[in-house]
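**Student:** Take this structure first; my questions come after.
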Amino acid sequence: MQKFKLLPITVAVAASLASISSFAAETDLAALEQRIQELESQVGDIKYVDDQQQAVLTAETNVPDGIVFSGYARYGAHYKSGDERYVDIGTTGRSVGRLGNEANGGEVQLAKLFQADNGAIWDIVFMADHWEADAWADDGGLSMKKMYAGVTNIFESQPELYMWAGRDFHQRPQQGLNDYFWMTHDGQGAGFNNLDFGGAKLDMGFVGQVKGGLVNDNGRYAITSKLHSINAGIGQLDLYANYGFASDEADEVGKPKVSDETAYLLGATLGLGESNKLVMKYGDGADSSVFELKGDYQTFYASLEGSYAASEQFIIDYLVSYKDNSGSDLDRENTEYAGIVRPQYQWNDVHSTWLEAGYGMVDYDDDGEENAWKVTLSQNVSLGGLPWSRPMLRFYTTVGDVETKGNTVKTTNVDTLSFGAMFEAWW
């Protein structure tokens, strides 16, 4: 089948990009590191920036006076001239690239930190988010995403151990170019982070899934674990293992009993040198979350991502991925392929120009096929001279197309031509 023909090409492209990045000049890397340090020094001592991950305090966290205000947001106008606003294919986020291809939304977080006389550091955190779009919701509004308390530096033998309870982001590793949370278990519960074994640290949690603004869980639960900060020689190794199950409360009248289902999800990330990373996961009864309890469903995902510094001003980011979905509870078994490349030129510490190109394919076992491509040109104004410097004002044009064909479906072409202006920031 075509998917077996394309797999060697995907692997070859990934290997080539990984090898190229290893030749980045030491002077370029040193210059980039210096610029990173300069930007970080502007932020201040407290590292409480919302990167859409769980915030974990350490014994070295500086406790500021007042309220810590942090968040992430992107809002703007997106003029649609083609058939669809965005180029969307497959199940790996914005698989052909997120630049000029993502909806508006944001989240705002308020936190108060306390330090006890015995050295313990506490935080109480609240977050409201705003992500409803007309593609999946009928109305908008704010919803409460976080309300939890946590504490660190309470055990002399484990000063980095952080304990928490409440509603929080939970175990949500994310990839940048495709905006893909390849694992996520947000919910209500309790857990700990950074139990130090010497050479590795352990995070564990017990969480229940919640829906929207409800204050209770819905009867679906996850036991999560992450063994991380392992020195594998070529880079850091992190390992994930999660188990999902349900109580009778999750069962719905007239539908199969969810309480009879279980799921597990395994994952790993491995750093490859300074600027590349390998991601792999396998799920049984789960795709990106064991809350899903999908029955006879299996998925395997692998990707390689990274960047190459051609010069201090010219940086190329890339991501290639492969995903196989199978099982009798899946309507159509399929395999997904995607590749994204984003050259970025920084004219100075304010202006930059980005060009992002992506291609994706879904190959179905019934000989059906979907193909998509996207190209976005973006002119940016940002705070700082690095690709990830934010806040950023972005003015872009996106073109793309999604083609569907096969023996059981009608051949269609859906094109995208859009123009937009937006801001993006995390702080």
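**Student:** Within segment 272-292, can you find the residues that are open to solvent by 10 Å² or more (accessible area, probe 1.4 Å), of a type outside the set (D, E, K, R), under 18 Å from residue 93 (Cβ atoms) and free of Cβ contacts under 8 Å to residues at least 60 places away in the same chain?
**Tutor:** Of everything in segment 272-292, those that are open to solvent by 10 Å² or more (accessible area, probe 1.4 Å), of a type outside the set (D, E, K, R), under 18 Å from residue 93 (Cβ atoms) and free of Cβ contacts under 8 Å to residues at least 60 places away in the same chain turn out to be 278, 280.
**Student:** Here's a follow-up. Take segment 383-427 and flag every residue that is among the acidic types (Asp, Glu) and within 21 Å of residue 52 (Cβ to Cβ).
**Tutor:** 424
**Student:** Follow-up. Give the residue, chosen from 306, 295, that is without any contact (Cβ under 8 Å) to a residue 40 or more places away in the chain and small (Gly, Ala, Ser).
**Tutor:** Exactly one of 306, 295 is without any contact (Cβ under 8 Å) to a residue 40 or more places away in the chain and small (Gly, Ala, Ser), namely 295.
**Student:** Which is over 26 Å from residue 345 (Cα atoms), open to solvent by less than 60 Å² (accessible area, probe 1.4 Å) and modelled with pLDDT under 95, of 36, 46?
**Tutor:** Among 36, 46, only 46 is over 26 Å from residue 345 (Cα atoms), open to solvent by less than 60 Å² (accessible area, probe 1.4 Å) and modelled with pLDDT under 95.
**Student:** If the requirement is being open to solvent by less than 70 Å² (accessible area, probe 1.4 Å), of a type in the set (Ser, Thr, Tyr) and free of Cβ contacts under 8 Å to residues at least 40 places away in the same chain, which of these qualifies: 397, 416, 353?
**Tutor:** Result: 353 is the single residue among 397, 416, 353 that is open to solvent by less than 70 Å² (accessible area, probe 1.4 Å), of a type in the set (Ser, Thr, Tyr) and free of Cβ contacts under 8 Å to residues at least 40 places away in the same chain.
**Student:** Residue under question is residue 127, and the condition is that it be surrounded by fewer than 18 Cβ atoms within 10 Å (Cβ to Cβ), touching a residue at least 12 places away in the same chain (Cβ under 8 Å), in a strand (DSSP E or B) and of a type in the set (A, V, I, L, M, F, W, C); does it hold?
**Tutor:** The answer is no for residue 127.
**Student:** If we scan segment 101-110, do we find a residue that is within 30 Å of residue 412 (Cα to Cα), open to solvent by 60 Å² or more (accessible area, probe 1.4 Å), without any contact (Cβ under 8 Å) to a residue 40 or more places away in the chain and among the small types (Gly, Ala, Ser)?
**Tutor:** Scanning segment 101-110 turns up no residue that is within 30 Å of residue 412 (Cα to Cα), open to solvent by 60 Å² or more (accessible area, probe 1.4 Å), without any contact (Cβ under 8 Å) to a residue 40 or more places away in the chain and among the small types (Gly, Ala, Ser).
**Student:** Another question, if that's okay. Within the bounds of segment 145-153, is there any residue that is over 21 Å from the mean Cα position of the chain (by Cα), modelled with pLDDT under 95 and open to solvent by 40 Å² or more (accessible area, probe 1.4 Å)?
**Tutor:** Within segment 145-153, none of the residues are over 21 Å from the mean Cα position of the chain (by Cα), modelled with pLDDT under 95 and open to solvent by 40 Å² or more (accessible area, probe 1.4 Å).
**Student:** Those residues that are touching a residue at least 40 places away in the same chain (Cβ under 8 Å) and more than 19 Å from residue 96 (Cα to Cα), I need them from segment 400-413; list them, please.
**Tutor:** Within segment 400-413, 406, 407, 408, 409 meet the criteria.
**Student:** Taking the options 85, 94, 74, name whichever one is open to solvent by 70 Å² or more (accessible area, probe 1.4 Å) and in contact (Cβ under 8 Å) with a residue 60 or more places away in the chain.
**Tutor:** Testing whether each residue is open to solvent by 70 Å² or more (accessible area, probe 1.4 Å) and in contact (Cβ under 8 Å) with a residue 60 or more places away in the chain leaves just 85.
**Student:** In segment 319-350, which residues are open to solvent by less than 10 Å² (accessible area, probe 1.4 Å), in contact with a Gly (Cβ under 9 Å, 6 or more places away or on another chain) and among the polar types (S, T, N, Q)?
**Tutor:** Listed by number, the residues that qualify are 321, 346.
**Student:** Something else about it: For residue 268, are the conditions met, namely being more than 21 Å from residue 361 (Cα to Cα) and either aliphatic (A, V, I, L, M) or within 21 Å of the chain's Cα centre (by Cα) (or both)?
**Tutor:** For residue 268, the condition - more than 21 Å from residue 361 (Cα to Cα) and either aliphatic (A, V, I, L, M) or within 21 Å of the chain's Cα centre (by Cα) (or both) - is met.
**Student:** Here is a further query. Which one is most open to solvent (accessible area, probe 1.4 Å), of the residues in segment 356-382 that are closer than 19 Å to residue 178 by Cα and among the aliphatic types (A, V, I, L, M)?
**Tutor:** Restricting to residues being closer than 19 Å to residue 178 by Cα and among the aliphatic types (A, V, I, L, M), the top hit is 377.
**Student:** Same structure, new question: Kindly provide the set of residues from segment 203-221 that are open to solvent by 30 Å² or more (accessible area, probe 1.4 Å), in a strand (DSSP E or B) and either touching a residue at least 24 places away in the same chain (Cβ under 8 Å) or under 16 Å from residue 238 (Cα atoms) (or both), ordered by number.
**Tutor:** Those that are open to solvent by 30 Å² or more (accessible area, probe 1.4 Å), in a strand (DSSP E or B) and either touching a residue at least 24 places away in the same chain (Cβ under 8 Å) or under 16 Å from residue 238 (Cα atoms) (or both): 204, 220, 221.
**Student:** Checking residue 195 against (1) open to solvent by 20 Å² or more (accessible area, probe 1.4 Å); (2) within 20 Å of residue 240 (Cβ to Cβ); (3) in contact (Cβ under 8 Å) with a residue 60 or more places away in the chain; (4) not aromatic (Phe, Trp, Tyr), which single condition isn't satisfied?
**Tutor:** (3)
**Student:** Quick one: count up the residues across segment 360-388 that are touching an Asp or Glu at 6+ places or on another chain (Cβ under 8 Å) and outside any strand (DSSP E or B).
**Tutor:** Number satisfying all stated conditions: 4.
**Student:** Let me ask something else about it. So residue 178 fits all but one of (1) of a type outside the set (Asp, Glu); (2) farther than 28 Å from residue 152 by Cβ; (3) open to solvent by 40 Å² or more (accessible area, probe 1.4 Å); what number is the exception?
**Tutor:** Every condition holds for residue 178 apart from (3).
**Student:** Assuming residue 238 fulfils every condition listed in (1) in a strand (DSSP E or B); (2) open to solvent by 50 Å² or more (accessible area, probe 1.4 Å); (3) not hydrophobic (A, V, I, L, M, F, W, C) apart from one, which condition is it?
**Tutor:** Among (1) in a strand (DSSP E or B); (2) open to solvent by 50 Å² or more (accessible area, probe 1.4 Å); (3) not hydrophobic (A, V, I, L, M, F, W, C), the lone unmet condition for residue 238 is (2).
**Student:** Could you grab the pairs with beta carbons closer than 9 Å, sequence gap of 6+ or different chains, first residue in segment 227-256 and within 25 Å of residue 172 (Cβ to Cβ), second one of a type in the set (Asp, Glu) and part of a strand (DSSP E or B)?
**Tutor:** From segment 227-256, the pairs are 227/203; 227/238; 228/203; 228/238; 229/196; 229/238; 230/238.
**Student:** Any residue at all in segment 392-413 that's more than 24 Å from residue 85 (Cβ to Cβ) and part of a strand (DSSP E or B)?
**Tutor:** no
The values are calculated or read from the model by the stated rules, or taken from the named source; none is laboratory data. These numbers were taken from a predicted model, which means no experiment stands behind them. Heads up, the Cβs are rebuilt from the backbone with ideal geometry, glycines too, and the neighbour counts pull from every protein chain shown. In case anyone asks, the SASA skips ligands and DNA or RNA and just uses the protein heavy atoms, side chains included. Shrake-Rupley method; radii C 1.70, N 1.55, O 1.52, S 1.80 Å.
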